[in-house]
Amino acid sequence: MTSVEPGLGSLPAFAVDAEQHTLGHREPPTQHSQRKSWSDRLLGVWAVLVFVFLFAPILVIVIYSFNNGRLLIAFDHFGLDGYLALFQKPVLSDAVMVSLRTGAIASVLATLLGTLAGIALARKPGKWTYWFIGLLLLVSVTPEIVDAVSLLPWLVFLGQDLGMSVFNDGTVRLVIGHSLFSVAVVTYIVRARLVGLPANLEEASADLYAPPVRTFLRVTLPLAMPAVLAGLLLSFTFSLDNTVVSAFVQVSGSTPWPVYVLSALRSGLRPEIAAVSTVMLVLTLVALAVVALVLKRAGDSATDIARTMAGG
């Protein structure tokens, strides 16, 4: 007969002894695992320090936006005068409205052109795509100062020498300057979205004798819509902080917010600069959050969202 320990079912005696030995004598954590846990802690502390280093200046600006003193760097007492100045000073509100208006128009234009280019790159590949992607890469990596220096004489030539008065308008100049980089960004995002999706739905639509326009509107565009919206919102945020190009191409009466801040450096920054900057920061964060939410609702994972927003 085989002996059985109570509570262990019908296990043989030698199996019970082995089980009790395993339960009663667990291996202590090795020195390697202890070193790994300490390394994880150090990496966590280092990550926190990096984030503090990156975001501490932004936190300081947010705090000083509630300064009621005369200058930004001299905190007097807590208040909302900086935010109220946005409604009380026409120069300040005009600069903000120019930036918002320019960002809205430039983002729509960049999204329209970038969406068509991204769909063409994803669905009509060929030898031309390498040249086109190279041009987009050139636009993306060209320093803003180079774009600004080249745009200014070109717009002056179109507006004054050729008599095209539309290019003398400050908003038109800003929209052209701001949409250059954004077109490349939207193209990358839309292309990355469609490359990861099969074209069988569009082929099925064509097999059912749907015209190309209907296939584009009913199938291709809905598939690309999350990326299109992401490109639209990102283009808007890029336009809000476009300083170098704006400083070159802007004309009197159409001074955007970044150029206004640069001009305010000569007389000293006031608390309303921090207040409006905080508002711009909130708008940017809301836009990025909406982008991530749209992509998440489209079924993308966190990795897919990061890859799409990066145009990868």
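For the reader, a short list of remarks on this structure follows.
- Sparsely packed loop sites in the range 186-220 (the chymotrypsin sites (Phe, Trp or Tyr not before Pro) outside DSSP H, G, I, E and B with at most 16 other Cβ atoms within 10 Å) comprise 209.
- For residue 275, net neighbour charge (Lys/Arg +1, Asp/Glu -1) across residues whose Cβ lies under 15 Å away: 0
- Test item: Cα-centred dipole of the range 89-310, Lys/Arg +1 and Asp/Glu -1 on Cβ, debye: 280 debye
- By the Cα gyration tensor, the range 74-170 has an equivalent ellipsoid whose semi-axes, rounded to whole angstrom, run 38, 21, 15 from largest to smallest.
- You can think of it this way: the chain between residue 265 and residue 131 has 44.0 nm of extra reach, that is 0.36 nm per residue less the Cα-Cα gap.
- Distance between the pseudo-spin-label points of residue 168 and residue 139 (7 Å out from Cα toward the beta carbon): 2.8 nm.
- Around residue 132: net Lys/Arg minus Asp/Glu count, Cβ-Cβ under 14 Å: +4
- Note on the range 89-310: Kirkwood radius taken over Cα pairs, Stokes-Einstein applied at 25 °C and 0.890 mPa s, translational D equal to 129 µm² s⁻¹.
- Proximal charge balance of residue 68 [Cβ under 13 Å; K/R count +1, D/E count -1]: -1
- Estimated FRET transfer efficiency (residue 48, residue 150; beta-carbon r; R0 35 Å; 0.05): 0.25
Every read-out reported here was derived from the displayed coordinates using simple, explicitly stated rules and does not represent laboratory data. Treat the numbers as computed from the prediction; the structure is a model and nothing was measured. No Cβ is skipped: glycine too gets one built from the backbone with ideal geometry, and neighbour counts run over all protein chains shown.
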